[in-house]
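Below is one structure, written out as structure tokens; comments come after it.
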Amino acid sequence: MTVPDLSPLALSLRVALLSTVLAAVTGIALARFMGRREFPGKSAAEALILLPLVLPPTVVGFGLIMLFGVNGPIGRLLEDWFGIRVVFTWAGAVIASFVVSLPLMYQSVQAAFEKVDPRWENVARTMGVSEWRIFRKVTFPLAWPGILAGLVLALARGLGEFGATLMIAGFIPGETVTVPLAIYFSYEAGRTGEAMFWVVLITLLGLAAITWLNGWRRKTSRRRGRE
């Protein structure tokens, strides 16, 4: 079997890495804020964050087109003010991957923060340490295993995103073709061998990520048990 052009893999990795960074920053900030604040509509806000988990990807993609299309509120603002167009570009693929991976990152980080014993934070407060430094020196290191799990899940989800990406980024060879899109359109064109190559490759990447994460968790648990 001839090895196909690897540009879809390079684009998928770039999209997944960028979307994971965005999901990490946003997910950590949201989890921290939601965990420390009570306000009217909090349940609705959290439901909105998690909504992409239960919506069909095409619905997510349709919503993104309505927001970032040339006639959408965000899309028109970006084009008029900055000359940036999101639809049918690789940036659209990044946004799609970010939206669908954010709930996974948020849930993992939220669970990690909830496991942090608040007594450690309170001890730091009695010593006059600022909240930002408490987060950096106490909360974040203690929550790191859960945050790392969220990063791996978000990365894997970003690599595998298809429906929303196809809706907002389209299929433009050399520009927006990620691995999932390459699988679908290779099979549709009758290039079964090429589709199988991408299926095997992305499956191995997913297995490697999950295997590494599980091994790291077990190793961390054993080390903490000895301590």
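The values are calculated or read from the model by the stated rules, or taken from the named source; none is laboratory data. On a predicted model such as this, the values are computed, not experimentally measured, just so you know. Note that each Cβ is placed from the backbone with ideal geometry, even for glycine, and that neighbours are counted across all protein chains shown. Just so you know, the surface numbers come from the protein's heavy atoms only, side chains and all, with ligands and any DNA or RNA stripped out. Shrake-Rupley method; radii C 1.70, N 1.55, O 1.52, S 1.80 Å.
Worth a mention:
- The chain: most fluctuating residue of Arg119, Arg191, Arg85 per GNM, C-alpha cutoff 10 Å: Arg119
- Here the Karplus relation 6.51 cos²θ - 1.76 cosθ + 1.60, evaluated at θ = phi - 60°, turns the backbone of segment 47-56 into coupling constants of 4, 5, 4, 8, 4, x, 5, 10, 7, x Hz, with x for every Gly and Pro.
- Heavy-atom accessible area per residue - the chain, 1.4 Å, Å²: 57 Å²
- Extension gain for Val21-Ser43 works out to 5.4 nm (0.36 nm per residue, less the C-alpha to C-alpha distance).
- Simple label model, 7 Å out from Cα along Cβ direction - Thr211 to Leu67, nm: 3.7 nm
- In the elastic network of the chain, a GNM with C-alpha springs shorter than 10 Å, the most mobile of Gly92, Gly215, Gly158 is Gly215.
- Segment 1-70 and segment 150-227: distance between their alpha carbon centers, rounded to Å: 15 Å
- Residue with peak Gaussian network fluctuation, the chain [Cα springs, cutoff 10 Å], from Leu155, Leu22, Leu102: Leu22
- Here each label is just a point 7 Å from Cα along the line to Cβ, and for Arg222 and Arg119 those points are 2.9 nm apart.
- Share of carbon and sulfur in the accessible heavy-atom surface of the chain [1.4 Å probe, %]: 67 percent
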